[in-house]
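Encoded as structure tokens, the structure appears first; notes follow it.
The values are calculated or read from the model by the stated rules, or taken from the named source; none is laboratory data. These numbers were taken from a predicted model, which means no experiment stands behind them. Cβ placement follows ideal geometry from the backbone for every residue including glycine, while neighbour counts extend to all protein chains displayed. Surface accessibility is based on the protein's heavy atoms, side chains included, excluding ligands, DNA and RNA. Shrake-Rupley method; radii C 1.70, N 1.55, O 1.52, S 1.80 Å.
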Amino acid sequence: MKTRIGVLYGGKSPEHKVSLQTAMAVMNAIDKTKFDVVPIYITTEGQWVKGEKLTSSVQDVKELQMTPNVRAILPVALNQAPTAEETNGQTEDTIDVIFPLLHGPNGEDGTVQGLLELLNIPYVGNGVLASAAGMDKVIMKNLFAQAGLRQAKYVSFLKKEWQHNEEAAYDKVESELGYPCFVKPANAGSSVGISKCKKREELKQAFMDAFRYDRKVIVEEAIVGREVEIGVIGNDEPVCSVVGEIVPKKEFYDYEAKYEDGNTELIIPADITDEEYKTIQQMAIAAFKALDLSGLVRADFFLTKDGVVYINEVNTMPGFTPFSMFPLLWKHSGVSYPELIEKLVQLALERHQEKQTITYTF
């Protein structure tokens, strides 16, 4: 019997379009001899809809909200077979596992993971705590510091704090970090709302831009070094891929470079020494354990010309098209795109099975 996978995508997030690209790639590549796909789309307004039409193209998804015959579903009914009345006489099996291909807030941040935990449905990827900690760059970096991982200096600010005394915030950045520095929303991915600043005028604008996407921002010192990344998969025994390098052809790896203009070169495997690889691998595993991650993560680092490695961040649901860094890292490690999807589903089912052995009554 084939496993029924609910592919969950879209969502109320600035990274909605990225999620569409990811989901279409996965649904096209998944081994149909082993899996049945149930597409579940979350609109930008938060409505949940599903139907076979969702598998055809991104354009169809964009037009879904104008299509009256697509059945709306309640999230709490995901793991229940609908009645004959709900399906116009057609029968439908329950979903065996959810693959949440959601990027950014309201999907990658533990919110959807919490819903699936309450419904006791197996799902691919990181759990509630790991997803939330990996989404919030301030919390993530605090945990990295506790684990003794080398990283750039950083400071953070709440929106109300900044509004009460903007100049004090800029003074703190200049005294503790200096220029150049990066200003980022604490809870966003795909380089949304990120700015590189070389003077106070740019810093002021960067704060305004970042606060459009979150109530908290983080400011980091700029590390001069190569941008390298590694993939990690597993539950309690994670394993690493080869290392890849990002070579942006503009000043830094922003949203356009990642998804729109293609103005970036990916070098896989990266030209690094065995010792540098070992250090990156060890730090990635340490970060994986520090955040209690599971399933998959892409860990991002800076590598200086002196061979010093700094961890930048982890991404708990990295870009997942066949041309994204994470699947490419595993392709060069001997795991094809369809095989990677299948492996992640297996890890999800294994973790769920383990959770069923826990006693929740006393």
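Scanning segment 1-55 for residues that are open to solvent by 20 Å² or more (accessible area, probe 1.4 Å), hydrophobic (A, V, I, L, M, F, W, C), farther than 20 Å from THR111 by Cα and assigned to a strand (DSSP E or B) yields one hit, VAL37.
Given the condition buried (at least 17 other Cβ atoms within 10 Å of the Cβ), out of contact with any strand residue (DSSP E or B) (no Cβ under 9 Å at 6 or more places or on another chain) and at pLDDT 95 or above, answer yes or no: does some residue in segment 149-161 qualify? No, the conditions are met nowhere in segment 149-161.
Mind listing just one residue for me: the one in segment 118-128 that is modelled with pLDDT of 95 or more and more than 14 Å from the chain's Cα centre (by Cα) and, of those, nearest to LYS153 (Cα to Cα)? It comes out as TYR123.
Residues in segment 237-250: is at least one surrounded by fewer than 21 Cβ atoms within 10 Å (Cβ to Cβ), at pLDDT below 95 and either of a type in the set (Ser, Thr, Tyr) or under 21 Å from the mean Cα position of the chain (by Cα) (or both)? For segment 237-250, residues surrounded by fewer than 21 Cβ atoms within 10 Å (Cβ to Cβ), at pLDDT below 95 and either of a type in the set (Ser, Thr, Tyr) or under 21 Å from the mean Cα position of the chain (by Cα) (or both): present. Look at ALA299 and say whether it is more than 14 Å from the chain's Cα centre (by Cα) and buried (at least 22 other Cβ atoms within 10 Å of the Cβ). When the stated conditions are applied, ALA299 does not pass them. Between GLU339, GLU313, the distinction of being over 18 Å from the mean Cα position of the chain (by Cα) and not aliphatic (A, V, I, L, M) belongs to GLU339 only. MET140 falls short on exactly one of the conditions (1) part of a helix (DSSP H, G or I); (2) open to solvent by 10 Å² or more (accessible area, probe 1.4 Å), and that condition is (2). Take the conditions (1) more than 21 Å from GLY134 (Cα to Cα); (2) at pLDDT 95 or above; (3) open to solvent by 70 Å² or more (accessible area, probe 1.4 Å); ILE267 misses just one of them, which is (3). Condition check: modelled with pLDDT under 60 and open to solvent by 20 Å² or more (accessible area, probe 1.4 Å). Does GLU63 satisfy that? Criteria met by GLU63. Are there any pairs, at least 6 apart or on different chains, whose C-beta atoms fall under 9 Å, with the first in segment 166-192 and under 26 Å from PRO105 (Cβ atoms) and free of Cβ contacts under 8 Å to residues at least 24 places away in the same chain and the second open to solvent by 10 Å² or more (accessible area, probe 1.4 Å) and of a type in the set (Val, Ile, Thr), and if so, which? Partner pairs satisfying both residue conditions: none exist.
Residues in segment 271-290 that are under 18 Å from the mean Cα position of the chain (by Cα) and either buried (at least 19 other Cβ atoms within 10 Å of the Cβ) or of a type in the set (Val, Ile, Thr) (or both): 5 in all.
Residues considered: ALA169, ALA186. Of these, the only one that is of a type in the set (A, V, I, L, M, F, W, C), at pLDDT below 95, touching a helix residue (DSSP H, G or I) at 6+ places or on another chain (Cβ under 6 Å) and open to solvent by less than 10 Å² (accessible area, probe 1.4 Å) is ALA186.
Only residues that are closer than 29 Å to ALA147 by Cα, of a type in the set (Val, Ile, Thr) and open to solvent by 60 Å² or more (accessible area, probe 1.4 Å) were counted in segment 306-362, giving 1.
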